[in-house]
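The structure under discussion appears below in the form of C-alpha cells.
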Amino acid sequence: MVLLLADLGWGGYTPGATRWYFVEQDEAYAQETVLTVGPWDGTGSRCSFSTPVDRADFYIHSFSYDPYTDTAYAYYDGTYLVDFVNAYHSFYFSESGMRVLKFPLIVGDTWQTVDTCKYALGVKRSLGYDENWDGIEDSLYYDTSYAVLVHYSGDTAEVHINPFKVILYYTGVWSDTGGYLGCCTEYMYYHYIRLKYVGDLGMILFSVDSIIFYIRYALVDTTTVPWDTIPLPPMRYSTYTNFNVWTYTTTSVSETRPRITFTPYRLNGRRLTALEDLALYSYDGRLVGEVRKGSTVSLRPGLYFVRSRGRTGKIVVR
C-alpha cells in the first residue's frame, strides 16, 4: 500500500488532540496538545507557499521536577511532514525542524531531512550567546542530513535519521604552544534518531539513540609572515548514548501520579541552586564546575549535564 498524505490529521494533528509521553531521561510525563490547525503561506520563514499548506501549532508541557512549556509547530507541504519546529525534543536542531516523513510512504526511500524554511544549509546563524564562554558570541549551522523510511505496514511508519548534523562554530582564538594559535573550532554533532508514527494518532516514539561528536579546528602559525593557517581533520571527541527518548503512553497524570524522582537542584530562570553536591558539565562534556549543596550559581543559556549520586541528567537554560 502506498499512502498519499491528504492533511495533517494522519500525523495526529487535529485541533484539541492530546498525547501523553513518558520521557525516560526526566523520568516524568509530558503532554502534547494541538492548539490550532490552519493554512500557512510561509510567513515568518524563508519559504513562500503559493498554495497555503496545513500548519499545526501545539504546546508541550512537561510534568518533571522543573516543569516547562514550549510552543512548537508542524506542517505538511505536499511532500514532507515537517515536525518539531521550536520543540524541546530536539534542543539545538529544533530551530530548523525535521522532515520526518516523505509522502508517498515507500520503504527504502531516503531524503534530506533538515527543513530549510527557517535556515539554509551551511549558513551560520548566531546563537545569541557565548556557548564556549570566551567572550565572543558563537554560531551554529546545519549540514546535509539524511533520513530513510525503514518500515511501513498497516498504519505504522518508522524512520531512521543517520545522522542529523548540527555544527557549533566557536569564533574565539586560543593559545597553543610553539607559536601557534587555535581558531575556528567546530563541534560537529551527529544525532542518530529513530521515529515512529501511527496514522491518526501521531508520533509514538522519538529516540535520540546516540550523539557522536567530533572536533575540527585550525592552527595559525604566528612564526610565518603572513601567518599560515593549517586546517586539521575532524577527530572524534565523545559519544552520548540513549540521550533523549519519548514514548507514547495512554497513561496520563489524570489517571496516576507521574514518576517524578528527586532532582538534586532547583532551577529558577538561569540560577541553579544545588540541593545535593553535584558536578555540572557543558554540552560538549567539559566540566563547568562542582557545586556544593546549598550553593547557587548563574548559568548562561545552553544545555548542561548534571551528575549527582552516580546519576546524570540534563538541564536546559534559556
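General remarks:
- Within the range 137-162, residues that are in contact (Cβ under 8 Å) with a residue 60 or more places away in the chain and closer than 20 Å to Gln112 by Cβ sit with their Cβ atoms under 9 Å from residues that are crowded, with 18+ Cβ neighbours inside 10 Å and among the β-branched types (Val, Ile, Thr), at 6+ positions apart or across chains, in these pairs: Ile161/Val100; Ile161/Thr113; Ile161/Ile193.
Residues checked against (1) surrounded by 20 or more Cβ atoms within 10 Å (Cβ to Cβ); (2) closer than 19 Å to Tyr197 by Cβ; (3) modelled with pLDDT under 95:
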residue	(1), (2), (3)
Phe93	yes, yes, yes
Val107	no, yes, no
Asp138	yes, no, yes
His151	no, yes, no
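- When the range 249-274 is filtered for residues that are at pLDDT 50 or above, among the hydrophobic types (A, V, I, L, M, F, W, C) and either surrounded by 14 or more Cβ atoms within 10 Å (Cβ to Cβ) or in a strand (DSSP E or B) (or both), the ones remaining, listed by number, are Leu267, Leu272, Ala274.
- Checked against the criterion of being over 25 Å from Thr113 (Cβ atoms) and either in contact with a Pro (Cβ under 9 Å, 6 or more places away or on another chain) or assigned to a loop (DSSP other than H, G, I, E, B) (or both), the candidates Thr51, Thr14, Thr43, Thr36 yield just one match: Thr36.
- Residue count, the range 219-235 (criterion: surrounded by fewer than 17 Cβ atoms within 10 Å (Cβ to Cβ) and either of a type in the set (A, V, I, L, M, F, W, C) or closer than 30 Å to Thr14 by Cα (or both)): 5
- Among the residues listed as Ile204, Ile167, the single one being within 15 Å of the chain's Cα centre (by Cα) and either assigned to a strand (DSSP E or B) or of a type in the set (S, T, N, Q) (or both): Ile167
- Conditions (1) buried (at least 17 other Cβ atoms within 10 Å of the Cβ); (2) at pLDDT below 80; number of the one not met by Val288: (2)
- When the range 21-32 is filtered for residues that are open to solvent by less than 20 Å² (accessible area, probe 1.4 Å) and of a type in the set (Ser, Thr, Tyr), only Tyr21 remains.
- Residues within the range 187-205 that are farther than 30 Å from Thr33 by Cβ and touching a Leu at 6+ places or on another chain (Cβ under 7 Å), tallied: 1
- Number of the exception - Arg194 against (1) under 30 Å from Ala30 (Cβ atoms); (2) in contact (Cβ under 8 Å) with a residue 40 or more places away in the chain; (3) not small (Gly, Ala, Ser): (2)
- Checked against the criterion of being open to solvent by 40 Å² or more (accessible area, probe 1.4 Å), among the β-branched types (Val, Ile, Thr), at pLDDT below 95 and within 21 Å of the chain's Cα centre (by Cα), the candidates Thr69, Thr18 yield just one match: Thr69.
The values are calculated or read from the model by the stated rules, or taken from the named source; none is laboratory data. Predicted model, so just to flag it, every value in this text is computed and none were measured. Every residue, glycine among them, receives a Cβ derived from its backbone with ideal geometry; neighbour counts consider all protein chains shown. Just so you know, the surface numbers come from the protein's heavy atoms only, side chains and all, with ligands and any DNA or RNA stripped out. Shrake-Rupley method; radii C 1.70, N 1.55, O 1.52, S 1.80 Å.
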